[in-house]
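These notes are about the structure you will find just below.
The values are calculated or read from the model by the stated rules, or taken from the named source; none is laboratory data. Only a predicted model underlies this, so the values are computations on that prediction, with no experimental measurement involved. Positions of Cβ are backbone-derived with ideal geometry, glycine not excepted, and every protein chain shown enters the neighbour counts.
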Amino acid sequence: MILPTAYLPPKSYMQALMSEPASIEQMETFEKQTFRNRCLIRDPKGEWVRLTVPVEKVEHKQLTRDIQISYQTRWQHQHWITLVSTYQHTPYFRYFADYLKPFYEKEYKWLLDLNDEMNATLMALMRKERPKGIINTVRTADWSGQIWTDKHPWQTEISILDTLFDERD
């Protein structure tokens, strides 16, 4: 299976990546406004939040492998603050946050490198056994693994983070 690169991809993408031998396509033409450099999360108030990794100006028919990340804005800081404010009260955020925070502290030159390393970490975390005896948490996920569905409708292409931070035993 050949998949495009993706930033904090949806659950369906991670399932495909983990279930079969998969390769990430590097020689495709980079498509703007896709999951290659953005993800969708929903905050506790039900507002959709799109997190986008800014990239340097994309030339016509530029290959995905040649896409460089732009650091003209403090996007890493903004993404991390958004993730903390959205997920800090979920059952496993405190347990997994230290694995993800380094991605928002290190500057990656290439989008492909950021996504590959982050997705490898996400796959390892999805396989990791969850700690037992977590107390003082309110589980708000339904069977889909998405949080806040007790207040807001289910969304199909939301980031894998909802599943990771609220996965049920």
Q: Filter the stretch 37-59 for residues that are touching a strand residue (DSSP E or B) at 6+ places or on another chain (Cβ under 9 Å), of a type outside the set (Phe, Trp, Tyr) and over 17 Å from PHE165 (Cβ atoms) and give the result.
A: ASN37, ARG38, ARG50, THR52, VAL53, PRO54, VAL55, GLU56
Q: Among what's in the stretch 11-26 and is aliphatic (A, V, I, L, M) and crowded, with 17+ Cβ neighbours inside 10 Å, pick the residue that is nearest to GLN68 (Cα to Cα).
A: ILE24
**Q.** TYR108 modelled with pLDDT of 95 or more, surrounded by 13 or more Cβ atoms within 10 Å (Cβ to Cβ), over 14 Å from ARG38 (Cβ atoms) and in contact with a Leu (Cβ under 8 Å, 6 or more places away or on another chain)
**A.** yes
Q) Restricting attention to the stretch 63-99, and to residues there that are part of a loop (DSSP other than H, G, I, E, B) and at pLDDT 95 or above, which single residue is surrounded by the most Cβ atoms within 10 Å (Cβ to Cβ)? A) ILE67
Q: Kindly provide the set of residues from the stretch 109-123 that are more than 16 Å from TYR13 (Cβ to Cβ) and among the small types (Gly, Ala, Ser), ordered by number.
A: none
Q: Could you list, in sequence order, all residues of the stretch 27-42 that are charged (D, E, K, R) and surrounded by fewer than 16 Cβ atoms within 10 Å (Cβ to Cβ)?
A: GLU28, GLU31, LYS32
Q. Do any residues in the stretch 100-121 that are touching a residue at least 60 places away in the same chain (Cβ under 8 Å) have Cβ atoms under 6 Å from those of residues that are polar (S, T, N, Q) and in a loop (DSSP other than H, G, I, E, B), where the two are at least six apart or on different chains, and which pairs are they?
A. LEU111/ASN37; LEU112/THR5; ASN115/THR5
Q: Go through (1) closer than 21 Å to THR90 by Cβ; (2) outside any helix (DSSP H, G or I) and name the single condition THR34 misses.
A: (1)
